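Peer 1: Next up is a structure, given as structure tokens.
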């Protein structure tokens with residue numbers, strides 16, 4: 001056995017090593033993000049210019065992204081879905097050359113990537129959801145000034161920090177208070193490097209990515225539900241719906257023949273929260289108004305949440321004022337525990353494959 005070091009200077013020595021490693025990891029994450037963001041901007045530029053050289057129609061653009069997505073995913077993986085390519089396209093439109101550089105260059109200059117795009121890609125994706133250009137510029141400026149993590153940026157946007165600051169009589173106090181991060185805003189260097197966007201960009205995988213897990217779960221649960229006595233009829237996967245200016249996707253949509261209603265299935269990788277229930281109720285209201293046919297019963301929602309050591313299945317019976325109908329739903333639908341067990345089985349299969 002080795003001797004235990006009792007030097008009085010060892011603690012500070014080891015702390016220095018830890019600080020060095022943490023700084024190196026942070027620098028690595030920033031470097032990768034700079035390259036990734038610059039690359040995605042350049043992809044967006046080429047998409048826009050290719051579109052302008054062809055038909056200036058929305059449907060042409062969508063078919064272009066769909067075709068390009070198939071080609072890129074075949075070689076580079078899941079990071080190039082049509083939605084992600086649309087983000088890249090919108091990124092270029094929101095940040096044209098004249099806005100990010102005084103000298104417009106047709107070549108992608110990786111050496112200046114950090115100067116062009118000082119924020120990580122995840123920040124820009126979140127900023128693109130802010131439709132008001134003034135608000136977007138405000139959040140971008142404050143994120144740079146305060147060194148906000150993407151979680152802090154998301155929290156500030158969700159809490160309409162821009163509007164609250166604009167209405168405040170003491171804007172300096174608002175900005176000072178808003179710049180202070182909360183404990184839940186922290187993002188470690190390990191989390192930055194294990195971000196699915198970063199892993200996909202580098203062509204790496206950390207055990208299995210969130211997107212892999214979601215895809216495996218969706219496929220498995222689709223098969224599982226269809227095998228439960230034939231009452232479930234498959235309608236669609238990743239079905240899109242638009243509420244206001246925002247697009248959403250429902251993971252799975254079924255029709256239950258016995259209950260004569262739609263079943264909306266939403267999968268969440270993580271802990272079940274009230275926000276998940278709120279989003280499902282929004283989906284159900286939309287489905288009731290837009291997807292339900294005359295004579296059908298109100299739709300039912302199924303929320304599936306998976307964590308590392310726990311899985312949860314919750315039914316949302318929005319708008320069922322009829323208690324008899326609600327009882328019928330509970331009798332005809334699979335037990336929540338049964339669904340949670342199926343999630344765990346998929347976890348085990350994935351872990352076995354990785355081993």
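Peer 1: Give all pairs with beta carbons closer than 6 Å in which a residue from segment 324-345 that is surrounded by 12 or more Cβ atoms within 10 Å (Cβ to Cβ) meets a residue that is assigned to a helix (DSSP H, G or I) and modelled with pLDDT of 75 or more; count only pairs at least 6 apart in sequence or on separate chains.
Peer 2: Matching pairs, first to second residue: 342/224.
Peer 1: Also, quick follow-up: Report yes if residue 55 is surrounded by 10 or more Cβ atoms within 10 Å (Cβ to Cβ), within 30 Å of residue 240 (Cα to Cα), assigned by TED's automatic domain parsing to the domain that holds residue 127 and modelled with pLDDT under 75, otherwise no.
Peer 2: Details: surrounded by 10 or more Cβ atoms within 10 Å (Cβ to Cβ): yes; within 30 Å of residue 240 (Cα to Cα): yes; assigned by TED's automatic domain parsing to the domain that holds residue 127: yes; modelled with pLDDT under 75: yes.
In short, yes.
Peer 1: Collect the residues in segment 294-334 that are over 25 Å from the mean Cα position of the chain (by Cα) and modelled with pLDDT of 80 or more, keeping them in residue-number order.
Peer 2: Passing the criteria: 294, 295, 296, 297, 298, 299, 333, 334.
Peer 1: Continuing with the same structure: Give the number of residues within segment 209-249 that are more than 15 Å from residue 342 (Cβ to Cβ) and modelled with pLDDT of 75 or more.
Peer 2: Counting residues in segment 209-249 that are more than 15 Å from residue 342 (Cβ to Cβ) and modelled with pLDDT of 75 or more gives 17.
Peer 1: Given the conditions (1) in a loop (DSSP other than H, G, I, E, B); (2) in contact with a strand residue (DSSP E or B) (Cβ under 6 Å, 6 or more places away or on another chain); (3) modelled with pLDDT of 80 or more, report the number of the one that residue 272 does not fulfil.
Peer 2: The one condition residue 272 does not meet is (3).
So that you can scan it fast, the table gives a plain yes or no per residue for (1) surrounded by fewer than 13 Cβ atoms within 10 Å (Cβ to Cβ); (2) in the same structural domain as residue 86 (by TED's automatic domain parsing); (3) at pLDDT below 85:
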{"site": "125", "(1), (2), (3)": "no, yes, no"}
{"site": "130", "(1), (2), (3)": "no, yes, no"}
{"site": "135", "(1), (2), (3)": "no, yes, no"}
{"site": "148", "(1), (2), (3)": "no, yes, no"}
{"site": "173", "(1), (2), (3)": "yes, yes, yes"}
{"site": "188", "(1), (2), (3)": "no, yes, yes"}
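Peer 1: Let me ask something additional. Looking at segment 151-169, which of its residues are in contact with a helix residue (DSSP H, G or I) (Cβ under 6 Å, 6 or more places away or on another chain) and assigned to a loop (DSSP other than H, G, I, E, B)?
Peer 2: Within segment 151-169, just 168 meets the criteria.
Peer 1: Regarding residue 262, is this residue under 21 Å from residue 336 (Cβ atoms), at pLDDT 85 or above, in contact with a strand residue (DSSP E or B) (Cβ under 9 Å, 6 or more places away or on another chain) and assigned to a helix (DSSP H, G or I)?
Peer 2: Values: under 21 Å from residue 336 (Cβ atoms): yes; at pLDDT 85 or above: yes; in contact with a strand residue (DSSP E or B) (Cβ under 9 Å, 6 or more places away or on another chain): yes; assigned to a helix (DSSP H, G or I): no.
Criteria not met by residue 262.
The values are calculated or read from the model by the stated rules, or taken from the named source; none is laboratory data. Every value quoted in this text rests on a predicted model; they were computed, and no experiment measured them. In this analysis, Cβ positions are derived from the backbone assuming ideal geometry, glycine residues included, and neighbour counts consider all displayed protein chains.
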